[in-house]
Amino acid sequence: MATVQGKDKELLAAESEVEARQTSMIADIWHRLKKHRLAMAGLVIIIVLILTAVFASVIAPYSYRDQNLDNALLSPSRDHLFGTDQFGRDLFSRIIYGSRISIAVAFLPVIVSVGIGVLLGAISGYFGGWRDLLIMRLADIMFAFPSLLFAIAIIFAIGRGILSLFIALALVDWAGDARLIRGQVLSIRSKEYIEAARAIGMSDRRIIMRHILPNCLAPIIVTVSMSIPGVILTEAALSFIGLGVQPPTPSWGAILNDGQRFIGNAPWMAFFPGAAIFLTVLAYNFLGDGLRDAMDPFLKN
Amino acid sequence: MRNYVIRRLLLLILVLWGVTLVTFVLMHVVPGDPAKVLLGKLSGNEALVTKLQHQLGLDKPLVVQYFEFVKGVLRGNLGNSYKFKASVMSLILERMPATIKLTFGALIIGLLVGLSSGIISAVRRYSIWDTFSMIFAFIGVSMPVFWLAMLLQLLFAVKLGWFHVSGFEGLRDLVLPSVTLGLIYSASIARMTRSSILEVIRMDYVRTARAKGAPERIVIFRHVFRNALIPVVTLIGMQFGGLLTGAALTETVFQIPGVGKLLINSTLDLDYPMIQGGVIFVAIIFVLINLFVDILYAYLDPTIRYD
Amino acid sequence: MEAKRVISLVLTIALVLGIWAAPVNVAADQDAIISMTIGSTKAYVNLVPKTLDQPPVIINGRTMVPFRFIGESLDAFVDYNPTDKTVSYVLEGNNITLKIGSTTATVNGVSKTLDAAPVILKTGRTVVPVRFISEAVGATVGWNPTTHTVTITFKKEAVVIGGILHDYNGGDLDGFDPQSNTNLLLFNACRQIYSNVVTVGYKDFTIMPDVAKSWDTSSDGKTITFHLRNDIYFSDGTKLTANDVKFTFERCFDPNGPAYTSGVLDYYLTPVKIVGGQAKADGKASTVSGIKVLDDYTISFTLEQPYAPFIQVLAIPAFGILSEKAVTKMGDTYFAHPVGSGPFYVKEWQRGSHILYAANLKYFKGRPALDGVHIDIVEDENTQVLKFKKGELDVLYPPLAQYDELVKTYATNVYKTADMSYYRIDFNIKRKGPLQDISVRQAIGYAINREQILAKILKGQGYLAKGIFPPGLPAYNASLPGFSYDLAKAKQLMKDAGYPNGFSLEMVMRSGRMEDEHLALQEALKQIGITVNLKKLDSATYWQLLGAGETDIAYRNWWADFADPDNFMAPLFHTGTDSNMGWAKPEYDAIIEKAAKMTRISERIPLYQDLERKLIYQDVVQFPLWNTITTVISNPKVRNYYLHPSGVVAYYPVYLAH
């Protein structure tokens, strides 16, 4: 009994040491990240966007739906920072409220989608064999479905609403990420240090988590940030057909759709939601780049 | 390698079967009765609905419907569109040329602009080129298609008069839509290329090659590119699918009779045979492209082994 | 006679005959001569007597003539803008605008000075100085001092043969079977490629002979016999006979045919009650006994009871005459390869891209002036505008979003017409809920500021409606009280009905169609506490839900298919019609059926007007919003592109000037 306890104590000590190292690792990464100017800017922007979404009703000067037909299509001015739309609704307020849907869409479904894709891709690339076969064929089938069609079908099936919108967006795009990660994993797997790790006896799970995935971080980060506008625009397409948010609820995508008809005489209607999307993409990208740079030294282990 | 390819081709059939099954299930799980849809305003009339359902064969048990469908596919008959009363196969083939031309046009421009932009960015990191092309990439990704399309139409078709505003009656009409789609496509390619090259450049084996004294050009071409291109190739393959159907918006603005728009409209019209046939068709293309991508992997990185 | 003399005689005769045989001077054919006498309401246009509501007068020594009458006689597009107080003509590409009370006028944008200002006289008609208007349009004026007659001679431009008109559609067809759908897109196509038993004029619903050159009605009003022309050929070369007419109409009753489910049968033919038609539709007979072929060019239709608008129904594009041989032989392929006998035929159809109509050079009324019409299928509004700006399209229906700018830029080439359309809000009174309370429905009516929506969202392209029948339709009742915008009253009604805090309603809408109006209506109802939950749907689901009556309110419209009040009553309000909103009552069915049977319009009108009052003012089943105006901007070289109140444009009279 005494020996086991003793061993436990050693184990505990070792574990706490690892933990300490891990927390200090996170602190290190954070420390390095802080130095990266662009990444910080990105982080700030994202935080601002989140705060905007949360405090929309406080920040927005007007309602997002009150119409004032006599004030239709006014160009940006002091009264209306972003101008008004064809109903006289204040565009600035609509974009603020719209951030709720768009930020949520940019976060949740994308993260879930990428998460599924990364997991499946890693399993597929690392283990190969029947797992690879199954997952890749599933991915192929998913590919065969134009994602928009699949999303439409899902929403039709579940019923309209914001929840189905999110579910649909989360489920349709994992195939691409899976393939991407699989590709990366395939090429890393054959490297010597992986052989070495396996020789030592490291569990597969650990190898994947500690060695392989971190090296895939670069493409993961890129796809996440590049997926965001895609998801927002898919949401726009769905809203246009009537499967996304219902009018007059604003989302950047829906506002963009409205702006399409008026691009000739009221270009601000399409410009500002486009700019908002652009800003979000930029922010995610900078943050992502910074994260990758900050994690760089730890990737080599 | 040959065994691998043969095995993959056999699996193709498996995948296609999976596709037919999933499509079929999805279409029938989706609430919506094509008979009612076709009747539109008159769908309140129960007698008419039943009659049309019978005409369309919708009242047969699902399994029977599925088998009839599969039988047809094997014979190359994808059924007849409810809406157009013509064979699905002919409707798709009618639109294939336009889609193929547009897709390749976009691909060429996307690759040219994307790859070169990404490479320059990576090789001259943090220079003015880098900033410029990254901003361009970000704009390209967030800019809505119709906006870019309209700008191009306004400038090159109306003001300069070099092209038609829309239409698809000649090779010249290809230019504007290809550029529109291609530029947007190139944005993610540029981004991915840049980041991937940067990634690889830091790798040990590159340093080793440099240490060995190999000229910079060889280092870049032989070592960096081949490895860096892996995720890029995946991306291209991935986005290719998106091109085919995401082109629907471009097709609408430029009035191009393509498959993308056809599929989307058919989905909304609940034109079952059209949807099923269209998806299968697209599926075949994708699977082939993915196979090609996988083969390309092995060529790019000989260390990759397929068990 | 000597040989020389014979020869010269022969030559002389030949010369004379030659002159006669030479093509008539086209221009001479096309003179319009208008003669009017000061103070007299009798005028002559090309020797045809006409009655004026405003005679020409002399004001301050200047001769002033009625503006609208002259314009219409010259076949100009006449417009009156009440906001600017301007009157204008567009005639052969020239735009002439005058302002009431002003001596400055514009001709194609260039200012000119008049010696006298136009005035509106007691009759409500505008008169303008004759000398100016004649010079502006390029006519010559003659004056007879003895009879005080003024004569305006206008030499019309010669029709130019040839050229292709570039028009567009905002969507694509599914096929060219006239019985497969009742949408405007298909009607427009069929108008060009098929002939009907009778047809309508280019600018209104006047009935004109087409395949039938004449017809007689029996004394009991139930049998109409048509005498058909014997010189009509289909595009495949076969001759059109009475058998083809019988085939066309019998096909509509075929329970396996397209008309059975497309609405063509239900909306248009069922009310006609052709003897034996229902039997065939029910599958009990294979032919329709009431349609009898008497010989190759004579056919008779027997109805169960007289149906006043019968002849007009035949002109609907859905009843284009089909070739029995072609349809039977081709089966389903006919859908994409139509065979008709109209002024054009389909030369090329690339789905999703374009349709090319080519002129039928053997058309029995004479070939069309155009060589063809190229229809681009352009769904995107911005693309439509850009194509027109560049000249790739010859006409443009200005999209609402850019209406103001476009109409301003192309002011000299804007044409408008009042549509015979009726836009309204439908109330579902079948579903249990607050809508079943009549005060609630009235409250909704009072809460909508129709003028503002019409002005701001529809850019003034419409007139407020007071009832179901639009102006121009017999039975249009100008004396109906109409509705006012009264928010306070609306709120009071809601309170009195027991809904001071409002309630919620469902409203279906389609994506991309009239979205802005739906949003405006939603906002309007919010002001009286009603939360409208908009359900944005795709087209297919939308029609399905509407057909099943699964929405509380809907914003809908109805366009006239022919100019008879029955067309606004039977398809909308008779039991068994398109929406399950709970409006139909046996009492109303009786009125509709009774009025359809009578033959004299003067007797039928009071019945319809009474029903209209009952439906709208008493039962409040719908809330009338407006009747619309269609605006088109055209390239100045386009002539005779007439907008028809049904929304269907005929390309036959169109030509492209140099």
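Laboratory data are not the source of any read-out in this text; all were calculated from the coordinates shown. Computed from a predicted structure; not experimentally measured. Please note: Cβ atoms are built from the backbone with ideal geometry, for glycine as well, and neighbour counts cover all protein chains shown.
Footprinting exposure proxy ranking of C:Glu593, C:Glu250, fewest other C-beta atoms within 10 angstrom first, gives C:Glu593, C:Glu250. Taking a straight line from the alpha carbon of A:Lys9, these aspartates and glutamates sit under 19 Å away, with near neighbours fewer than eight places off in the same chain left out: A:Glu17, A:Glu19. For chain A, set up a Gaussian network in which alpha carbons nearer than 10 Å are linked by springs, and say which option among A:Gly183, A:Gly129, A:Gly115 fluctuates the most. Evaluated over chain A, the most mobile residue of the options is A:Gly129. Put simply, the amide H of C:Val532, placed in the peptide plane, has neighbours under 5 Å in C:Leu505, leaving out anything fewer than 5 places away on its chain. Coupling constants for segment C:246-254 follow from the phi torsions by the Karplus curve (6.51 cos²θ - 1.76 cosθ + 1.60, θ = phi - 60°), and in residue order they are 4, 4, 4, 6, 5, 4, 5, 8, 5 Hz; glycine and proline get x.
Relative to the Cα centre, the charge distribution of chain C, modelled as +1 at Lys and Arg Cβ and -1 at Asp and Glu Cβ, gives a dipole magnitude of about 1280 debye.
When the C-alpha to C-alpha distance is required to be over 18 Å, the pairs from C:Lys466/C:Lys597; C:Lys430/C:Lys585; C:Lys280/C:Lys594 that qualify are C:Lys466/C:Lys597; C:Lys280/C:Lys594. Simple point charges give the picture: +1 on the Cβ of Lys and Arg, -1 on the Cβ of Asp and Glu, and for segment C:56-148 a dipole about the Cα centre of about 360 debye. Of the residues C:Thr412, C:Val621, C:Thr298, the one whose Cα sits farthest towards the positive end of the charge dipole of chain C is C:Thr412 (charges of +1 on Lys and Arg Cβ, -1 on Asp and Glu Cβ, taken about the Cα centre). Over all other residues within a Cβ to Cβ distance under 11 Å of B:Met134, the charged ones net out to +1, with Lys and Arg as +1 and Asp and Glu as -1. Within the set C:Lys222/C:Lys292; B:Lys85/C:Lys347; C:Lys246/C:Lys292; B:Lys101/B:Lys261, which residue pairs have Cα atoms separated by over 18 Å? Cα-Cα > 18 Å for B:Lys85/C:Lys347; rest within. The distance linking segment C:52-107 with segment B:87-143 is 58 Å (Cα centroid to Cα centroid, whole angstrom). In summary, the aspartates and glutamates within cross-link reach of C:Lys389, defined as a Cα separation below 18 angstrom excluding same-chain residues under 8 places away, comprise B:Asp173, C:Asp167, C:Asp376, C:Glu379, C:Asp380, C:Glu381, C:Asp404, C:Glu405.
Here the Karplus relation 6.51 cos²θ - 1.76 cosθ + 1.60, evaluated at θ = phi - 60°, turns the backbone of segment C:639-648 into coupling constants of 10, 6, 8, 8, 7, 9, x, 7, x, 9 Hz, with x for every Gly and Pro. Radius of gyration over Kirkwood radius for segment C:470-619, both on Cα atoms: the Rg/Rh ratio is 1.00.
The distance linking segment A:170-189 with segment C:416-480 is 57 Å (Cα centroid to Cα centroid, whole angstrom).
The lysines within cross-link reach of C:Lys99, meaning a Cα-to-Cα straight distance under 23 Å and a gap of 8 or more places when in the same chain, are C:Lys85, C:Lys112, C:Lys122, C:Lys408, C:Lys416, C:Lys459.
Each of A:Phe272, A:Phe55 was scored by other Cβ atoms within 10 Å of its Cβ. Listed from fewest to most, they are A:Phe55, A:Phe272. The Cβ shell under 15 Å around C:Thr151 holds other residues with a net charge of +2, Lys and Arg each +1, Asp and Glu each -1.
Mean-square fluctuations from a GNM of chain A, with a 10 angstrom spring cutoff on Cα atoms, peak among A:Ile200, A:Ile162, A:Ile188 at A:Ile200.
Candidate membrane-span-like segments in chain B, meaning DSSP H helices with Cα atoms spread over at least 27 Å of their own axis and a Kyte-Doolittle mean of -0.5 or above, are B:2-29, B:88-123, B:172-201, B:226-246, B:272-300, with no membrane implied.
Once the dipole of chain C is set up with Lys and Arg at +1 and Asp and Glu at -1 on Cβ about the Cα centre, which of C:Thr199, C:Gln30, C:Val654 lies farthest towards its positive end? It is C:Gln30, whose Cα lies furthest towards the positive end. Quick test of the membrane-span-like rule: which DSSP H helices of chain A reach at least 20 Å along their long axis (C-alpha atoms) with mean Kyte hydropathy at least 1.0? Helix filter hits for chain A: A:37-54, A:91-127, A:213-241. Exposure proxy ranking for B:Lys83, B:Lys159, based on other Cβ atoms within 10 angstrom of each Cβ and starting from the fewest, stands as B:Lys159, B:Lys83. Karplus-derived 3J(HN,Hα) values for segment C:525-536, using 6.51 cos²θ - 1.76 cosθ + 1.60 with θ = phi - 60°, are 6, 4, 5, 10, x, 8, 8, 9, 8, 7, 10, 7 Hz; glycine and proline are entered as x. Simple rule: put +1 on each Lys or Arg Cβ and -1 on each Asp or Glu Cβ in chain C, find the dipole, and look at C:Gly109, C:Pro309, C:Pro645; the Cα lying farthest toward the positive end is C:Gly109.
The charge dipole of segment B:152-202, taken about the Cα centre with unit charges on the Cβ atoms of Lys, Arg (+1) and Asp, Glu (-1), comes to about 260 debye, rounded to the nearest 20.
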